[in-house]
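*Asks:* I'd like to ask you about the structure that follows.
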Amino acid sequence: MSSGISVPASQSQGQTLLAAIKQDHREIEAYWNKYQQASGDLDAQTRWANQLTWEIARHSIGEELVVYPLLEEAMGEKGHQMAEHDRADHQVVKNGLKKMESLKVGSAEFNQILSTIMSELMEHIKTEEEQDFPQLESAIGYEKSVNVAKSFERTKHFVPTRSHPSAPNKPPFETLAGLLAAPLDKLRDAFSKFPSEQEKQQATAGIHPIN
């Protein structure tokens, strides 16, 4: 699908915001697939569940910090409505992820909640990729889209490794609440199981950079 943005012929190629977001979406889907394929292997499911929830958390907060305020700035009331809808979607997902933290990986209740989360997330992804962000990119232009994509990627390196549904998700508090939660999360997750780099590369081998 077209990103809805016109790229000047004289401009060097760079990853647009929509491309960066789509890349994340494909990785989230790949990790979900690996979790499902690992059914019956508790160790593997634990590693993929951790990887999946971490990717969802940092992607979501990256959007809340960088993208949704831009929607409101660039598209006025329409952008505000889009951002509010997307924030509400994120809240449902974060609430579900928080419930999972007290459950045993691979249990019936864990799998049910995770399946519900992913179902909600797939609808959210479709709306973002087909409606919200193509319109945003048309409004801001190629150069700004590439610059915002860089900011989006940088932001993800500083966000929590777990979901915090109680953290405010609107300016200015989401920045402080999200970033101040990161050190404790990263310390705790240092002792959690995650897939190896090789396993992650194999899981995402079919995903090519999107421009």
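The values are calculated or read from the model by the stated rules, or taken from the named source; none is laboratory data. Because the structure is predicted, anything quoted here is derived from the model rather than measured. Counting neighbours? That spans all protein chains shown, and the Cβs are built from the backbone with ideal geometry, glycine included. These area figures cover heavy atoms from the full protein model, side chains too; ligands, DNA and RNA do not enter into them. Shrake-Rupley method; radii C 1.70, N 1.55, O 1.52, S 1.80 Å.
*Asks:* Can you tell me which residue among 128, 123 is open to solvent by 10 Å² or more (accessible area, probe 1.4 Å) and of a type outside the set (A, V, I, L, M)?
*Replies:* 123
*Asks:* Can residue 101 be described as farther than 16 Å from residue 16 by Cα, open to solvent by 70 Å² or more (accessible area, probe 1.4 Å), in contact (Cβ under 8 Å) with a residue 24 or more places away in the chain and more than 16 Å from the chain's Cα centre (by Cα)?
*Replies:* yes
*Asks:* Would you please list the contacts, defined by Cβ atoms under 7 Å and residues six or more apart or on different chains, that run from a residue in region 64-80 that is small (Gly, Ala, Ser) to a residue that is surrounded by 18 or more Cβ atoms within 10 Å (Cβ to Cβ)?
*Replies:* Sorted first by the residue in region 64-80, then by its partner, the pairs are 74/136; 74/139; 74/140; 79/71; 79/72.
*Asks:* Can I ask one more? I'd like the full set of residues that are touching a Leu at 6+ places or on another chain (Cβ under 7 Å) and outside any loop (DSSP other than H, G, I, E, B), limited to region 90-112.
*Replies:* If the condition is that a residue be touching a Leu at 6+ places or on another chain (Cβ under 7 Å) and outside any loop (DSSP other than H, G, I, E, B), then 93, 100, 109, 110 are the ones that fit.
The rows are residues; the columns are (1) modelled with pLDDT under 95; (2) in contact with a helix residue (DSSP H, G or I) (Cβ under 9 Å, 6 or more places away or on another chain); (3) closer than 24 Å to residue 31 by Cα.
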| residue | (1), (2), (3) |
| --- | --- |
| 102 | yes, no, yes |
| 106 | yes, yes, yes |
| 112 | no, no, yes |
| 118 | no, yes, yes |
| 136 | no, yes, no |
| 140 | no, yes, no |
| 150 | yes, yes, yes |
| 155 | yes, yes, yes |
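*Asks:* Out of 47, 87, I need the residue that is assigned to a helix (DSSP H, G or I), among the basic types (Lys, Arg) and under 26 Å from residue 198 (Cβ atoms). Which one?
*Replies:* Working: 87 fails: under 26 Å from residue 198 (Cβ atoms).
Going through 47, 87 in turn, the sole match is 47.
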